[in-house]
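K.L.:
Right, I'll just put the structure down here and ask away after.
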Amino acid sequence: MTNINEYLGGRIFNITELDTMVLNELQNCGSKIFEATFKKNDKLFCRRCLMELPKLPIKLQYCRQCINLGKIQSTDKLLISSTNVKYPIQNNYLYWNGQLTSNQKRGVRELIKAFENKQDHLIWAVTGAGKTEMIFPLIEQVLQKGRRIAICSPRVDVCIELFPRIQKVFPNTTLGLFHGKSDEKYHLTQIMLSTVHQLVRFEDAFDVLVIDEVDSYPLAGNRMLHKAIKKAKKKSGMIVYLSATPPKELLMRVNKGQISITRLYQRFHGHPLPEPYCHLLFRKIELWGINPILKIHLDKLIKNNQRFMLFFPQIPMMKSFAKKLKKVYPSLTFVDVSSKDELRLEKVQQFREKNVQAILTTTILERGVTFKKITVIVLEAQAKEFSKTALIQIAGRAGRGKDSFDDEVHFYYRYYNQQIRKACWEINYLNRQAKR
Ligand SMILES: [Zn+2]
């Protein structure tokens with residue numbers, strides 16, 4: 001027996017993938033069939049990813065942009081499944097007894113107003129402002145109106161972190177977590193959590209789309225993903241962008257009045273963002289084992305049992321430093337993680353549970369993770385991998401807890417550059433705005 005829920009909800013299928021029974025059933029409940037490609041200005045475009053089909057010297061043209069989701073040929077037909085679904089009515093959707101700060105409450109009011117006006121909205125909130133809690137009331141409104149919402153991030157880790165938090169406060173609502181690495185098969189849910197990549201598979205599907213960490217890789221500058229976001233939203237729907245470091249293009253659209261905005265300069269606990277201490281190292285970090293200036297600092301942290309994060313620009317540098325660390329401090333417990341690490345989530349959990357004193361990482365942990373009572377150290381802060389945005393996000397890992405709001409952040413660099421200067425300036429600027 002087929003489970004029709006594995007197909008419904010504005011999802012795009014190549015009809016060659018569907019067997020006749022499913023196809024008939026889907027059409028009976030309002031799903032529509034379209035040509036897989038369309039012509040515009042004499043160019044051929046793919047209906048699924050909206051990108052142009054480059055002309056290949058073969059008979060049957062196909063889309064190479066979204067081929068990892070299955071091949072689409074120019075003569076294929078696509079089925080877009082129905083979104084005409086009634087969700088069960090509940091007396092109460094949101095089970096949360098936390099308190100919002102007055103700033104967060106203002107943000108919520110502005111967000112709900114944007115939802116009512118079907119107006120795209122940007123929440124520019126400093127790291128640790130409590131963005132996630134602010135979207136709870138929005139989700140509740142959407143559910144009460146019998147609508148459907150997707151919360152998406154370019155980063156898998158962010159989705160995985162978010163899932164239990166949403167599940168906990170909306171325990172009776174259907175919720176799915178879908179991304180390239182998950183084993184969970186797609187099925188229709190009223191709340192969907194997914195990577196932005198998954199949106200390529202949808203058209204006209206969601207009443208509200210929340211895009212978390214909108215400035216982060218791989219969404220930044222990726223045209224296909226930006227098109228996918230707009231396509232996945234229903235025509236009558238709205239998009240909410242969340243960011244601590246919003247991209248210029250989005251702020252320009254705010255200036256043009258195309259998007260409304262909420263600015264949150266204050267962290268949820270009311271304390272300012274930790275401002276980085278800057279240290280000029282002159283020489284490389286591995287000078288005589290560990291650079292003596294840095295070593296004095298590490299000695300102190302280790303002696304005081306202070307937990308710390310070390311950020312590196314590249315994996316080989318991190319691996320090499322890990323060896324030095326092991327040699328100089330044989331009793332220090334630590335883990336190292338990177339984008340290439342299959343045990344990343346487990347290792348992060350080890351650090352969170354205080355099983356190890358330190359974590360060595362690349363920019364992979366620059367955002368979306370929260371630890372308490374930690375010192376944050378960036379090494380080789382002048383490296384090109386540490387953009388202004390990355391440095392602000394990394395600094396934002398510190399001071400997250402109410403009882404550890406004054407965690408320290410340190411930038412170690414061989415020479416001072418624009419990125420470091422701009423990051424420090426912006427953190428200071430945000431703190432000044434918060435005081436006003
Ligand atoms: Zn395509």
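The values are calculated or read from the model by the stated rules, or taken from the named source; none is laboratory data. This structure is a prediction, so every number in the text was calculated from the model and none was measured. Because the Cβ atoms are built from the backbone with ideal geometry, glycine has one as well, and the counts that use them run over all protein chains shown. Areas reflect the complete protein model, heavy atoms only, side chains present, ligands, DNA and RNA absent. Shrake-Rupley method; radii C 1.70, N 1.55, O 1.52, S 1.80 Å.
K.L.:
Residues that are within 11 Å of the ligand (Cβ to nearest atom) and surrounded by 11 or more Cβ atoms within 10 Å (Cβ to Cβ): find the strands (runs of 3 or more DSSP E) completely inside the range 35-115 holding 3 or more of those.
P.N.:
Strands (runs of 3 or more DSSP E) meeting the threshold: 43-46.
K.L.:
List the residue pairs whose Cβ atoms are under 6 Å apart, where the first residue sits in the range 28-51 and is farther than 18 Å from residue 68 by Cβ, the second is part of a loop (DSSP other than H, G, I, E, B) and open to solvent by 60 Å² or more (accessible area, probe 1.4 Å), and the two are 6 or more positions apart or on different chains.
P.N.:
Cβ pairs passing all conditions: 30/84.
K.L.:
Report, by residue number, each residue of the range 379-421 that is within 23 Å of the chain's Cα centre (by Cα) and not in a loop (DSSP other than H, G, I, E, B).
P.N.:
388, 389, 390, 391, 392, 393, 394, 395, 409, 419
K.L.:
Would you be able to say whether some residue in the range 8-16 is open to solvent by 80 Å² or more (accessible area, probe 1.4 Å) and not hydrophobic (A, V, I, L, M, F, W, C)?
P.N.:
Here is the first cut: in the range 8-16, the ones open to solvent by 80 Å² or more (accessible area, probe 1.4 Å) are 16.
When the remaining residues are screened for being not hydrophobic (A, V, I, L, M, F, W, C), the result is 16.
Checked against the condition, which is being open to solvent by 80 Å² or more (accessible area, probe 1.4 Å) and not hydrophobic (A, V, I, L, M, F, W, C), the range 8-16 yields at least one hit.
K.L.:
Still on this structure, please answer the following. Sort out which residues of the range 1-34 are over 30 Å from the mean Cα position of the chain (by Cα), in a strand (DSSP E or B) and within 16 Å of the ligand (Cβ to nearest atom), and write them in order of number.
P.N.:
34
K.L.:
Now for a different question. Here is a check on your reading of the model: is residue 16 in contact (Cβ under 8 Å) with a residue 24 or more places away in the chain and more than 30 Å from residue 145 (Cα to Cα)? Even if it seems obvious, please write down each step before you answer.
P.N.:
On the way: in contact (Cβ under 8 Å) with a residue 24 or more places away in the chain: yes; more than 30 Å from residue 145 (Cα to Cα): yes.
Judged against the criteria, residue 16 is a match.
K.L.:
If residue 317 satisfies all but one of (1) touching a helix residue (DSSP H, G or I) at 6+ places or on another chain (Cβ under 7 Å); (2) assigned by TED's automatic domain parsing to the domain that holds residue 419; (3) of a type in the set (A, V, I, L, M, F, W, C), what's the number of the condition it fails?
P.N.:
Tallying (1) touching a helix residue (DSSP H, G or I) at 6+ places or on another chain (Cβ under 7 Å); (2) assigned by TED's automatic domain parsing to the domain that holds residue 419; (3) of a type in the set (A, V, I, L, M, F, W, C), residue 317 fails exactly one: (1).
K.L.:
Given the options 368, 289, 257, name the one that is open to solvent by 40 Å² or more (accessible area, probe 1.4 Å), on the phi > 0 side of the Ramachandran plot and assigned to a loop (DSSP other than H, G, I, E, B). I'd like the intermediate steps shown before the answer.
P.N.:
Numbers: 368 fails: open to solvent by 40 Å² or more (accessible area, probe 1.4 Å); 289 fails: open to solvent by 40 Å² or more (accessible area, probe 1.4 Å).
From the options 368, 289, 257, the qualifying one is 257.
K.L.:
Something else about it: Can you find a residue that is touching a strand residue (DSSP E or B) at 6+ places or on another chain (Cβ under 8 Å), open to solvent by 10 Å² or more (accessible area, probe 1.4 Å) and among the β-branched types (Val, Ile, Thr) anywhere in the range 355-362?
P.N.:
yes
K.L.:
Under 8 Å between Cβ atoms, at least 6 apart or on separate chains: pull out the pairs that start in the range 177-203 with a residue that is open to solvent by less than 30 Å² (accessible area, probe 1.4 Å) and within 16 Å of the ligand (Cβ to nearest atom) and end on any residue that is basic (Lys, Arg) and in a strand (DSSP E or B).
P.N.:
Between residues of the range 177-203 that are open to solvent by less than 30 Å² (accessible area, probe 1.4 Å) and within 16 Å of the ligand (Cβ to nearest atom) and residues that are basic (Lys, Arg) and in a strand (DSSP E or B), the close pairs are 202/11.
K.L.:
Among 265, 277, 241, which is open to solvent by less than 20 Å² (accessible area, probe 1.4 Å), aromatic (Phe, Trp, Tyr) and touching a residue at least 24 places away in the same chain (Cβ under 8 Å)?
P.N.:
Matching residue, one of 265, 277, 241: 241.
K.L.:
Just to be sure, is residue 319 in contact with a strand residue (DSSP E or B) (Cβ under 8 Å, 6 or more places away or on another chain), open to solvent by 70 Å² or more (accessible area, probe 1.4 Å) and without any contact (Cβ under 8 Å) to a residue 40 or more places away in the chain? Write out each step before concluding.
P.N.:
On the way: in contact with a strand residue (DSSP E or B) (Cβ under 8 Å, 6 or more places away or on another chain): yes; open to solvent by 70 Å² or more (accessible area, probe 1.4 Å): yes; without any contact (Cβ under 8 Å) to a residue 40 or more places away in the chain: yes.
Considered against the rule, which asks whether it is in contact with a strand residue (DSSP E or B) (Cβ under 8 Å, 6 or more places away or on another chain), open to solvent by 70 Å² or more (accessible area, probe 1.4 Å) and without any contact (Cβ under 8 Å) to a residue 40 or more places away in the chain, residue 319 comes out as yes.
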